[in-house]
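**Q** First, the structure itself, so that you have it in front of you.
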Amino acid sequence: MTAMDITIHSSFLPHNDPEASLAFYRDTLGFEVRNDVGYGGMRWITVGPAGQPATSIVLEPPMADPGVTDDERRTVAEMMAKGTFARVLLATTDLDGAFARLQAAGAEVVQEPIDQPYGVRDCAFRDPAGNLIRLQELR
């Protein structure tokens with residue numbers, strides 16, 4: 001059996017304030033804005049790291065699907081408020097430098113850089129919607 005040629009193209013993270021999320025991913029993380037689409041008072045913003053045009057994160061309204069029930073909407077809103085609804089793992093060759101920039105920009109720090117017992121060095125912070133972002137150092 002041969003391997004399939006599959007890549008990760010886009011992942012989705014919810015936002016509850018498109019302007020704050022846009023500023024965070026564009027201005028703080030330095031991601032490129034690839035698309036910014038509005039529909040029915042909602043906004044989907046596609047961002048990604050410079051030099052990696054095939055990999056993106058779509059910042060989306062968390063409950064845009066019309067099939068989401070009111071109970072589900074409340075649950076999602078509660079989980080987003082606690083920062084337990086969504087997460088993403090990013091990587092960098094300069095963890096300390098990236099952490100210093102994020103901290104200076106006012107990002108909510110969850111964990112300062114640390115060597116983990118499972119063999120990686122990483123830190124964690126939250127984006128404006130409460131999504132957990134772990135930043136791992138490439139070795």
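**Q** Does at least one position in the range 48-58 carry a residue that is more than 23 Å from F125 (Cβ to Cβ) and in contact (Cβ under 8 Å) with a residue 24 or more places away in the chain?
**A** The answer is yes, given that some residue of the range 48-58 is more than 23 Å from F125 (Cβ to Cβ) and in contact (Cβ under 8 Å) with a residue 24 or more places away in the chain.
**Q** While we're looking at this one, here's another question. Which condition number does A54 fail, the rest of (1) of a type outside the set (K, R); (2) closer than 20 Å to L89 by Cβ; (3) assigned to a strand (DSSP E or B) being met?
**A** It fails just one condition, (3).
**Q** Let me ask something else about it. I need the full set of residues from the range 30-46 which are in contact with a Leu (Cβ under 9 Å, 6 or more places away or on another chain), under 21 Å from A105 (Cβ atoms) and touching a residue at least 24 places away in the same chain (Cβ under 8 Å), in order please.
**A** If the condition is that a residue be in contact with a Leu (Cβ under 9 Å, 6 or more places away or on another chain), under 21 Å from A105 (Cβ atoms) and touching a residue at least 24 places away in the same chain (Cβ under 8 Å), then I45 is the only one that fits.
**Q** Moving on. I'd like to know if the range 52-72 contains one or more residues that are closer than 21 Å to A105 by Cα, under 15 Å from the mean Cα position of the chain (by Cα) and either of a type in the set (D, E) or open to solvent by 60 Å² or more (accessible area, probe 1.4 Å) (or both).
**A** Taking every residue of the range 52-72 in turn, none turns out to be closer than 21 Å to A105 by Cα, under 15 Å from the mean Cα position of the chain (by Cα) and either of a type in the set (D, E) or open to solvent by 60 Å² or more (accessible area, probe 1.4 Å) (or both).
**Q** If you don't mind, there's one more thing I want to ask. Return the total of residues in the range 109-134 being without any contact (Cβ under 8 Å) to a residue 40 or more places away in the chain, open to solvent by less than 60 Å² (accessible area, probe 1.4 Å) and touching a Phe, Trp or Tyr at 6+ places or on another chain (Cβ under 9 Å).
**A** Applying the first criterion (without any contact (Cβ under 8 Å) to a residue 40 or more places away in the chain) to the range 109-134 yields 109-125.
With open to solvent by less than 60 Å² (accessible area, probe 1.4 Å) added as a condition, the list becomes 109, 111, 113, 116, 119-125.
Checking the rest, the ones that are also touching a Phe, Trp or Tyr at 6+ places or on another chain (Cβ under 9 Å) come to 109, 111, 113, 123, 125.
Residues that pass the stated criteria total 5.
**Q** Tell me the strands (runs of 3 or more DSSP E) entirely within the range 77-139 that contain at least 1 residues that are touching a Cys at 6+ places or on another chain (Cβ under 9 Å) and farther than 19 Å from D27 by Cβ.
**A** 108-115, 132-137
**Q** Can you tell me which of F85, F31 is touching a helix residue (DSSP H, G or I) at 6+ places or on another chain (Cβ under 6 Å), open to solvent by 40 Å² or more (accessible area, probe 1.4 Å) and within 24 Å of R134 (Cα to Cα)?
**A** After applying the criteria, what remains is F85.
**Q** Test each condition in (1) open to solvent by less than 60 Å² (accessible area, probe 1.4 Å); (2) within 19 Å of R87 (Cβ to Cβ); (3) not aliphatic (A, V, I, L, M) for N16 and report the one that comes out false.
**A** If we test N16 against (1) open to solvent by less than 60 Å² (accessible area, probe 1.4 Å); (2) within 19 Å of R87 (Cβ to Cβ); (3) not aliphatic (A, V, I, L, M), just (1) comes out false.
The values are calculated or read from the model by the stated rules, or taken from the named source; none is laboratory data. As the structure is a prediction and not an experimental result, all values here were calculated from the model. Methodologically, a virtual Cβ is constructed for each residue, glycine included, from the backbone with ideal geometry; neighbour enumeration extends over all protein chains shown. The area values use the complete protein model at the heavy-atom level, side chains included, leaving out ligands, DNA and RNA. Shrake-Rupley method; radii C 1.70, N 1.55, O 1.52, S 1.80 Å.
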